[in-house]
Amino acid sequence: MRKNVVILGGGPGGLVAANILAKEAGDKLNITLVDKSPYHTFLPSLLWVMTGHRDPSDIKRPLRLLERKGVRFINDVVSAIDPEKSLVRLGGGEELRYDYLIVALGSQPRPDKLPGAEKSCAPWTEEGAIKCREKLRGFKGGTILVGPYSWPYKCPPAPFEVAFMVSYILEQRGIRGRARIGVFHQWKQPMEPFGPVMASSFKRFMDQYGIEFIGGVEVERIDDKSLVTKDGDRISADLPIVVPPHEPPDPVASSALASKETGGYMLVDKQTLRHPEYGNVFGVGDVIAPTLGIGMAGVFAHFQAEFVASQIIDEVKGAFMGEHYNMSGVCVLDMGYVGAAVYCDFSGKITGKAEFPDCVMLGGMRMFRAVKLAFEKYWLSRWF
C-alpha cells in the first residue's frame, strides 16, 4: 500500500525532496507538494533582478511542472499543522493526511514590521528587488548603507554581496567616487558568527573595494536619509538597503512543532532532522536553521532535503543507500567583474563540538562569477 508524503513549501528544500522521492520511490508513495505561490523562485538571483541582469520571470518556474514527475501540486496556503492527527489543513478547506510530513516552509520576510520600510528597499523579495533597481537607477551620489534590521535572515553574506554589486554598478557609471558605501550589522565584525577567518577575509575584500563596515548597529527605524538606532543615534543614509525582519511561518509557530527557544521556528533532532516527539515529521531549510544554530541558505535546504528523502525511501523500500547528512555549505558571491566563494563545514557547530564552523574563502577570480551563473542555469533546468 502506498504511503502518503506531504511536502509543505516549494522552495529549494521542498523541490529537491519531491524530485528525489518521485524518482526513487514513486511507485511506493503518493507525493503532494503544497505552496502558496504557483511558482518556484530561485531566490539568489533576486540580487540580479536588483541589478537589472534578470527580470522576475527569468528566475521562476511553475511548480505545476512537477506533476509530470508524479508529484501532485496544490497551490494553496497552509492554515494549520496537526501532528497529533498527522493532518495538514489548507486555506481552501482541504485536509491532507500523511504518513510522512516534510516541513520546508522557510522563513518569512516581513517588510511590514520594519518601521519606515517605505523609505528603503531590499532585494529579499521580488518587490524589494524591483524597488532597489528603480532607486539605483536614479542614484547620483551620496551614502548607501546595506544591512539587516535583525538576525537571522536569509543568506548571511548577502548584504555584503549587495554592497559589492552596488559598488561595481556605480564604478561602471563613473560615479563611484561620489558615493560612500557601507555595510552595517548587529555583529561587531563582518561575518562574526562564522569565525575569525571569515571576519578577516570579508574585511580584506571590503577594504579592497572601499566598502566600510559599521558594527554593533541595531536599527529601530528608517527616517528620511538616515537610520535611527535603538541607542538613539542617527546614521546618514541617502539610500538605505535594509533587510526586513524574518519570522517563522505561522503554521509552524502556532503548532506543536514549534520551539519556544527559537521564537517559533521548528524543533528537530539535529542528527535526524525529525521532530523529537513526532518521528514522521521532518524539517528542512530556513524553518529549522535557528534550531541547528546555522545560517539560512538554500544550500543547506538542498542537502537536508536529500538526507530526509533518503530516510523516507529507506523505510518504504526496506533498504536504500542514500545521501549522508551533508553539514557543509557553499556560497558564491558576485562582486561585479569577479566573484568569490565561501565554503563552511558546520558539522562541529551543529554537534556542539566547535564554536564556529570551519570556513575558507576564495575570491578575486572571474571563474567564481561564471560558476554562479552556471549554477542558476543548472538549478532551473535540473529540478523541472
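Laboratory data are not the source of any read-out in this text; all were calculated from the coordinates shown. These figures come from a predicted structure and were not determined experimentally. So basically every Cβ, Gly included, is an ideal-geometry build from the backbone, and we count neighbours across all protein chains shown.
Points worth noting:
- Entry note, region 111-245: relative contact order of 37 percent, from Cα contacts under 8 Å with a spacing of 6+ residues.
- Here LYS260 is the anchor, and the lysines within straight C-alpha reach of less than 29 Å, apart from those fewer than 8 places off in the same chain, are LYS36, LYS85, LYS113, LYS154, LYS188, LYS230, LYS270, LYS349, LYS353.
- Extension reserve of the GLU118-ILE175 stretch, reckoned as 0.36 nm per residue once the Cα distance is removed: 18.0 nm
- By the Cβ distance rule (another cysteine Cβ under 4.7 Å), the unpaired cysteines of the chain are CYS155, CYS331.
- If the segment from ALA256 to ALA80 were pulled out straight at 0.36 nm per residue, it would be longer than the present Cα-Cα gap by 62.3 nm.
- Net lengthening on full extension, THR229/VAL360 (0.36 nm per residue, minus Cα-Cα): 43.9 nm
- Backbone amide hydrogens, once placed in the peptide plane, bring ALA341 within less than 5 Å of LEU333, LEU362, GLY363, excluding anything fewer than 5 places away on its chain.
- Principal-axis analysis of the Cα atoms of the chain puts helix 158-173 at an angle of about 50° to the longest axis.
- In the chain, helices alone account for a calculated mean residue ellipticity at 222 nm of -9000 deg cm²/dmol, with every DSSP H run of four or more residues adding -39,500 (n - 2.57).
- Inter-part distance where region 204-261 and region 3-22 are each reduced to a Cα centre, Å: 32 Å
- Karplus (6.51, -1.76, 1.60) ³J(HN,Hα), θ = phi - 60°, over region 209-216, in Hz, Gly and Pro reported as x: 9, x, 10, 7, 10, 10, x, x
- Phi to ³J(HN,Hα) by Karplus 6.51 cos²θ - 1.76 cosθ + 1.60 over region 344-350, Hz, x for Gly, Pro: 9, 9, 9, 4, x, 5, 5
- Residues THR272, THR351, THR51 arranged by fewest to most Cβ contacts within 10 Å: THR351, THR272, THR51
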